[in-house]
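Would you mind keeping the following structure in view while I ask a few things?
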Amino acid sequence: MRFHFQLSPISLCGGIVGILLVVYIVLIATVMSYAALTIEFSQSVKDDEAAVAALEGQYLAAVARTTATNYAEEGYALPIAKTFVRAKSATALR
Amino acid sequence: MRAQFRSRILLILIFLIFAALGIIVRLYFVQIVNGEEYSLKADRQFSANSGGLFDRGSIYFTRKDGSLISAATLSTGFLVAINPQVLADPEAVYRAITDVASTTVSRDAFMSASAKKGQVYIEVAHRLSEEEGRALSAKSIPGVQVLRERWRTYPGGSLAAQTIGIVSYGTGDTLAGRTGLEAIYDGTLSRSEDSLYKNFFAELFSNVGNLLVNAEDAREGDVVTSIEPDVQTRLASNVEKLSIRYSSKESGGIIMDPSTGAIIAIASYPTYDGNNLHSVDPALLGNPFVEHVYEFGSIMKPITMTAGLDAGVITPATAYNDTGCITVNTYKICNWDGKARGTTPMRQVIMQSLNLGASWIADQIGQKKFREYFTGLFGEKTGVDLPNETGALLGNLSKPQQVGYDTAAFGQGIAVTPIQMIRALGAVANDGYMVQPHLASAVRLNSGIERKLDWGEKVRIFSATSTHETIAMMNALNDEILYGGKAKIPTMSVAVKTGTAQLTKQGGGYYDDRFFHSFVGFFPSYNPRFIILLYTNDPKGVQYASETLDVAFLDLVHFLIDYYEVPPDRGFDSAQQ
């Protein structure tokens, strides 16, 4: 079978322009999608961080409440004696 | 065949041209015809056109188990802006906003803003929650924009507020750290505005290097401090209680690891809530630990004692003749009670806090050597990572009059910052080595790398022997004198010293009835894990520091022993082991 393939310069340039146009459109779409996703993910991370900060605020408020509690007024008695722990366990278990 | 191929190429070209035309037409409609509508929609989704969303790194507390708790971070929500030119019914819009927003919106301010028809953008409410913002946005009120907003938040409120610092607008329109760690680490915490919106392909073609090794990622990050939130809360609570109880002008406390200089807690009163700066006295925004100098009084005596022992001019067995009062360069110096003790051993200088004993040691050391010790300890700023650190006032040690040295020996006539004082006393606790106090222990870079901060070499000031001899005296003070001997913990040695200094008058001289109280202690005495410095300025109705600060100090000691499970260093017989 005889195969003859010939293109004029105009057709070749037209084809290249077409391909470049498609590539350009794809690039724009990719960049826009990338930017949108970046912003969306970033905002999502910040939202999560803010939610964690709210929980941390609750934790610190709980610590402050615990510190401010007068346990004698709550009916608890002071210990008669205190024995503090040793530096290392007496057993081999750590 | 060729004609057939050409016709196909032609068809493809025609298709591409139509496709391009379609896109151009679509772009025309998107950008020109419906441009304003899309712009408003984008605004609602993201941020105001005037600038990007506020972004900034976090500052963390570090719990004893190493977990991090935010000291300063970001909150997200929404702001409400109006366009007075589009707003049809301001009264109805105001009702719609206040129906969903818990944030107080002043009616007068809103009506005033809506009357400004020459403007197109006025922010009328801030810090709406996620739910409130979305609810208001869903109403799609013409002329009302609901925009994403971020702001700095401090989950601990007033916890270590003066040390963490604040973010605010300065002379320009840029939010930046202005005080505390926010200011000193602003370069690490601040974020470049383009980081989110950069064009990937533009970066790829114009700045390949940045994609591989981003300079900003190597610089920007979060700051991790050594402040422990539970200890900080306890210290702040104690400082507040004593300040209120004695109506003091101000009070403060620092807890530090004397071997590393890591500050575990630092609290002062009065203070402020970093989340609510509207009614804060600007004077409170500064940090008294580095910006104020005080005459600390008798907590200077352990330093004088150690200097005398280190210089070899005294030993623990040395005695001096205590006459109750002496006159030096026409100035009269007396013991706190004015009473003479006769022949007195060195141990009693610390135990009974004898001014004459401290002055006598200064005489024995000599001016040159005494100056060397004190300038070695206080002559330079500590370099702590807080802004606006000031230096000590040591002018009396540059003069030939001996009275300046004699009074400096018991902490009067020279003024130092609290951070300098705890560093100097830390040298006594730390076998004679002076370390650099610091708050930040590491920086967590955006690249994911955690960079530990190096806080310099230790500087030897005293010999270990001299410090141990002084510690024995401070230990005896805790076990035998403090709180009538009840302060003694059988299983833990604690070294302490109290200080009561007369306050200076504006025109010179000292008040007879106004005092500055200070208290220092560390434990376990010979291998301390914590050194605690407390002070209260001008407490009312009380004269001595042993009356004001011992309760707070002992509470902190017991709390720290329990919280960190500090093992006993004495009084634990072998049968129990």
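The values are calculated or read from the model by the stated rules, or taken from the named source; none is laboratory data. Note that this is a predicted model, so its numbers are computed, not measured. Glycine also receives a Cβ, built like all others from the backbone with ideal geometry; neighbour counts cover every protein chain displayed.
Would you check which residues across segment B:291-328 are assigned to a strand (DSSP E or B), hydrophobic (A, V, I, L, M, F, W, C) and touching a Lys or Arg at 6+ places or on another chain (Cβ under 7 Å) and list them?
B:Cys325
Continuing with the same structure: Restricting segment B:114-134 to residues that are in contact with a Leu (Cβ under 9 Å, 6 or more places away or on another chain) and among the small types (Gly, Ala, Ser), which is nearest to the other protein chains (Cβ to nearest Cβ)?
The residue in question is B:Gly133.
Just give me the residues in segment B:488-503 being farther than 19 Å from B:Val542 by Cβ and more than 14 Å from chain A (Cβ to nearest Cβ), in sequence order.
The answer is B:Ala495, and nothing else.
Where the second residue is surrounded by 12 or more Cβ atoms within 10 Å (Cβ to Cβ) and the first is over 14 Å from B:Ser158 (Cβ atoms) and lies in segment A:54-76, which pairs have Cβ atoms under 7 Å and are six or more apart or on separate chains?
Hits for this filter: A:Glu56/B:Ile69; A:Glu56/B:Ser70; A:Glu56/B:Pro155; A:Tyr59/B:Ile69.
Consider only pairs whose beta carbons are under 6 Å apart and that are at least six residues apart or on different chains; among these, list those whose first residue lies in segment B:356-385 and is farther than 13 Å from B:Val313 by Cβ and of a type in the set (Val, Ile, Thr) and whose second residue is at pLDDT 95 or above and part of a helix (DSSP H, G or I).
Note: pairs meeting the criteria are B:Thr382/B:Ile419; B:Thr382/B:Gln420; B:Thr382/B:Arg423; B:Val384/B:Ile419.
Need pairs with beta-carbon distance below 6 Å; first residue more than 10 Å from A:Ser11 (Cβ to Cβ) and within segment B:3-16, second surrounded by 10 or more Cβ atoms within 10 Å (Cβ to Cβ); sequence gap 6+ or separate chains.
Every condition considered, the pairs that remain are B:Leu16/A:Gly18.
Out of the residues in segment B:99-122 that are at pLDDT below 90, within 30 Å of A:Val45 (Cβ to Cβ) and of a type outside the set (Val, Ile, Thr), state the one that is nearest to the chain's Cα centre (by Cα).
B:Ser102
Please work out if B:Lys64 is at pLDDT below 90 and not in a helix (DSSP H, G or I).
No, not satisfied.
Follow-up question, since we're still on this one. Report, ordered by the first and then the second residue, all pairs with beta carbons closer than 7 Å, sequence separation of six or more or different chains, a first member in segment B:446-459 that is of a type outside the set (Asp, Glu), and a second member that is part of a loop (DSSP other than H, G, I, E, B).
Hits for this filter: B:Asn446/B:Glu220; B:Trp455/B:Gly261; B:Trp455/B:Gln436; B:Gly456/B:Gln436; B:Lys458/B:Val435.
Of the conditions (1) more than 10 Å from chain A (Cβ to nearest Cβ); (2) among the β-branched types (Val, Ile, Thr); (3) part of a strand (DSSP E or B), B:Thr76 clears all except one; give me its number.
Result: B:Thr76 passes all but (1).
Would you tally the residues in segment B:339-380 being more than 25 Å from B:Asn475 (Cβ to Cβ), touching a strand residue (DSSP E or B) at 6+ places or on another chain (Cβ under 9 Å) and β-branched (Val, Ile, Thr)?
Total meeting the criteria: 0.
State whether the residues of segment B:431-441 include one that is of a type in the set (Gly, Ala, Ser), closer than 21 Å to B:Gly252 by Cα and not in a loop (DSSP other than H, G, I, E, B).
Yes, there is a match, as at least one residue in segment B:431-441 is of a type in the set (Gly, Ala, Ser), closer than 21 Å to B:Gly252 by Cα and not in a loop (DSSP other than H, G, I, E, B).
In segment B:259-290, how many are more than 17 Å from B:Ala424 (Cα to Cα) and either assigned to a helix (DSSP H, G or I) or in contact with a Leu (Cβ under 7 Å, 6 or more places away or on another chain) (or both)?
Residues that pass the stated criteria total 11.
On the given criteria, is B:Lys381 surrounded by fewer than 19 Cβ atoms within 10 Å (Cβ to Cβ) and assigned to a helix (DSSP H, G or I)?
no
I'd like to know if segment B:391-407 contains one or more residues that are touching a Pro at 6+ places or on another chain (Cβ under 9 Å), more than 30 Å from B:Arg178 (Cα to Cα) and either of a type outside the set (Val, Ile, Thr) or surrounded by fewer than 22 Cβ atoms within 10 Å (Cβ to Cβ) (or both).
No: zero hits.
Within segment B:436-477, work out how many residues are more than 30 Å from B:Thr73 (Cα to Cα) and not charged (D, E, K, R).
Final tally of qualifying residues: 17.
Identify, by number, the condition in (1) touching a residue at least 40 places away in the same chain (Cβ under 8 Å); (2) under 27 Å from B:Arg152 (Cα atoms); (3) surrounded by fewer than 23 Cβ atoms within 10 Å (Cβ to Cβ) that B:Ile264 doesn't meet.
(3)
Within segment B:363-410, track down each residue that is of a type in the set (Gly, Ala, Ser) and touching a Ser or Thr at 6+ places or on another chain (Cβ under 6 Å).
Residue satisfying the conditions is B:Ala409 alone.
If you check B:Ser195, B:Ser158, which single one turns out to be within 14 Å of another protein chain (Cβ to nearest Cβ) and modelled with pLDDT of 90 or more?
On the way: B:Ser195 fails: modelled with pLDDT of 90 or more.
When all the criteria are applied, what remains is B:Ser158.
Output the helices (runs of 4 or more DSSP H) that fall wholly within segment B:81-199 and possess 2 or more residues being surrounded by fewer than 17 Cβ atoms within 10 Å (Cβ to Cβ), or say none. Outline the logic, then answer.
Working: elements: B:90-100, B:107-114, B:130-138, B:161-164, B:180-184, B:186-189.
Helices (runs of 4 or more DSSP H) meeting the threshold: B:90-100, B:107-114, B:130-138.
Further question on the same structure: Within segment A:13-58, can you find the residues that are of a type in the set (Ser, Thr, Tyr) and more than 7 Å from chain B (Cβ to nearest Cβ)?
A:Tyr24, A:Thr30, A:Ser33, A:Ser44
Any idea which residue in segment B:38-55 is modelled with the highest pLDDT, counting only those that are assigned to a helix (DSSP H, G or I) and within 11 Å of another protein chain (Cβ to nearest Cβ)? Don't jump to the end; show me each part of the working.
First, the residues of segment B:38-55 that are assigned to a helix (DSSP H, G or I): B:38-45.
Checking which are within 11 Å of another protein chain (Cβ to nearest Cβ) leaves us with B:42, B:45.
Values: B:Ala42: 62, B:Gln45: 51.
Among residues in segment B:38-55 that are assigned to a helix (DSSP H, G or I) and within 11 Å of another protein chain (Cβ to nearest Cβ), the one modelled with the highest pLDDT is B:Ala42.
Test B:Ser463 against the stated conditions and say whether it is modelled with pLDDT under 90 and surrounded by fewer than 18 Cβ atoms within 10 Å (Cβ to Cβ).
It is false that B:Ser463 is modelled with pLDDT under 90 and surrounded by fewer than 18 Cβ atoms within 10 Å (Cβ to Cβ).
Under the condition of being loosely packed, with under 12 Cβ neighbours inside 10 Å and at pLDDT below 80, which residue from segment B:17-37 is nearest to B:Val120 (Cα to Cα)?
Once the filter is applied, the top-ranked residue is B:Glu36.
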